[in-house]
Amino acid sequence: MLQQVTLPENYNYIGVFLTLGCNLSCSYCINHTVGLNQRRKHLTGEQWSEALNRLSSREDLPISLQGGEPTIHRDFYKIINSISPSTRIDLLTNIQFDPQTFMNNISKDKFDRDLPYPAIRVSYHPETMDLDETINKVKILHDSGYSIGLFCVDHPESSADISLAQDQCSKNGLFFKLKEFLGTHNGKEYGQYHYPNGVFKDENNLQTVSCKTSELLISPEGYVFRCHHDLYNKKSPIGDILSDRFQIKNDFSVCNYFGQCNPCDVKLKNNRFQSFGHCSVEIKNI
């Protein structure tokens, strides 16, 4: 049995990327801002079980299963059901699965935790998803007692579709939240950033800085990275979640890629208690 990994008190998020593959292809996907290579090795269900059960987290700090689309991992149900009942779980999904099959395989108790937002966060993407079908699936799970809500990216070209989605959620008593669009569109940059000079720069304008994270990010291969930029680009892993020697070093480390940070890492956002002004990383000049 692997040694337990204790999460530092300042950690705000545990992101477990079961896969970077997806069964949709949205033009504005945040993963594509780095030229993402989705063809990567995947841990098996047994390996994920061993890895995730070594995490000694807190009741208010769930493990978030995400991707890509996490439910397309061939061992998805095995993974989620092998996680200790004392560990809280969140799921980020596009809900392309059958809700009845989902409920037959996973109890709603798996998503029971005391935080001010739904444990199952469904991303609705108008250009690739049908609204009526999506609302129906979310409502089935909601009415069956699952903690679930609908989330939309506030893309400039999706305003009308977003209004319809918000209206349908209101009529059906479903949680709805609008997420900030991060990226560029028609030459304009979008997003609120704690470090605005950290994004959308070319390779000739990079800086070397010292960076400290507040997130545990695990790639499909089981490598641990300090940020989304490094995870998506497979740069400088700080450990292997299946290594008995791995423990979190809660300190600053040198980064040579400031200017090409992933927007998710340097944006201003809510923390897990929904208090605005949080940033995933702390960055210092060298």
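The values are calculated or read from the model by the stated rules, or taken from the named source; none is laboratory data. All values reported here derive from a predicted model rather than from experimental measurement. Don't worry about glycine lacking a Cβ; one is built from the backbone with ideal geometry, like all the others, and counts go over all protein chains shown. Only protein heavy atoms, including side chains, enter the accessible area calculation; ligands, DNA and RNA are left aside. Shrake-Rupley method; radii C 1.70, N 1.55, O 1.52, S 1.80 Å.
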Q. Taking the stated definitions as given, is Tyr28 buried (at least 19 other Cβ atoms within 10 Å of the Cβ) and hydroxyl-bearing (Ser, Thr, Tyr)?
A. yes
Q: Looking only at the stretch 1-41, count how many residues are closer than 18 Å to Asp75 by Cα, under 17 Å from the mean Cα position of the chain (by Cα) and either in a loop (DSSP other than H, G, I, E, B) or modelled with pLDDT under 95 (or both).
A: 7
(Q) Test of understanding: among Ser82, Ser49, Ser57, which residue is within 23 Å of Phe246 (Cβ to Cβ), surrounded by 15 or more Cβ atoms within 10 Å (Cβ to Cβ) and modelled with pLDDT under 85? (A) Ser57
Q: Kindly check whether there is at least one residue in the stretch 221-228 that is assigned to a strand (DSSP E or B), at pLDDT 95 or above and not hydroxyl-bearing (Ser, Thr, Tyr).
A: yes
Q: Looking for whichever is within 29 Å of Ser275 (Cα to Cα) and of a type in the set (Asp, Glu) here; the options are Asp75, Asp109. Which one fits?
A: Asp109
Q: Within the stretch 210-220, identify whether any single residue is part of a helix (DSSP H, G or I) and either open to solvent by 30 Å² or more (accessible area, probe 1.4 Å) or closer than 16 Å to Leu7 by Cβ (or both), and answer yes or no.
A: no
Q. What are the residues in the stretch 229-259 that are part of a loop (DSSP other than H, G, I, E, B) and closer than 21 Å to Met1 by Cβ, if any?
A. Ile241, Leu242, Ser243, Asp244, Arg245, Phe246, Gln247, Ile248
(Q) So the check is Cβ under 8 Å with 6+ separation or different chains; which pairs have a first residue in the stretch 141-167 that's assigned to a loop (DSSP other than H, G, I, E, B) and a second one that's buried (at least 20 other Cβ atoms within 10 Å of the Cβ) and among the aromatic types (Phe, Trp, Tyr)? (A) Tyr146/Phe111; Ser147/Phe111
Q: Identify, by number, the condition in (1) more than 17 Å from the chain's Cα centre (by Cα); (2) part of a loop (DSSP other than H, G, I, E, B); (3) within 15 Å of Lys177 (Cβ to Cβ) that Leu115 doesn't meet.
A: (1)
Q. For the stretch 211-233, which residues satisfy the criterion of being of a type in the set (Val, Ile, Thr) and farther than 19 Å from Arg245 by Cα?
A. Thr213
Q) Within the set of pairs 6+ apart or on separate chains, which have a first residue in the stretch 67-79 that is within 16 Å of Ile120 (Cα to Cα), a second that is open to solvent by 20 Å² or more (accessible area, probe 1.4 Å), and C-beta atoms under 6 Å apart? A) Gly68/Cys22; Glu69/Cys22; Glu69/Asn23; Thr71/Phe97; Ile72/Asn23; Tyr77/Asn105
Q. Only one of (1) free of Cβ contacts under 8 Å to residues at least 24 places away in the same chain; (2) buried (at least 18 other Cβ atoms within 10 Å of the Cβ); (3) of a type in the set (A, V, I, L, M) is not met by Ile238, so which one is it?
A. (2)
Q | Any pair with Cβ under 9 angstrom, 6 or more apart, that starts in the stretch 248-262 at a residue that is farther than 15 Å from Leu231 by Cβ and open to solvent by less than 40 Å² (accessible area, probe 1.4 Å) and ends at one that is assigned to a loop (DSSP other than H, G, I, E, B) and among the hydroxyl-bearing types (Ser, Thr, Tyr) | A | Ile248/Tyr11; Phe258/Tyr195
**Q.** Thr87 more than 24 Å from Ile30 (Cβ to Cβ), free of Cβ contacts under 8 Å to residues at least 40 places away in the same chain, surrounded by fewer than 20 Cβ atoms within 10 Å (Cβ to Cβ) and touching a Pro at 6+ places or on another chain (Cβ under 9 Å)
**A.** yes
Q: State all residues of the stretch 196-209 that are modelled with pLDDT under 95 and part of a strand (DSSP E or B); if no residue qualifies, say none.
A: none
(Q) Here is a list: Asp60, Asp109. Which entry is part of a loop (DSSP other than H, G, I, E, B), more than 30 Å from Val199 (Cα to Cα) and charged (D, E, K, R)? (A) Asp60
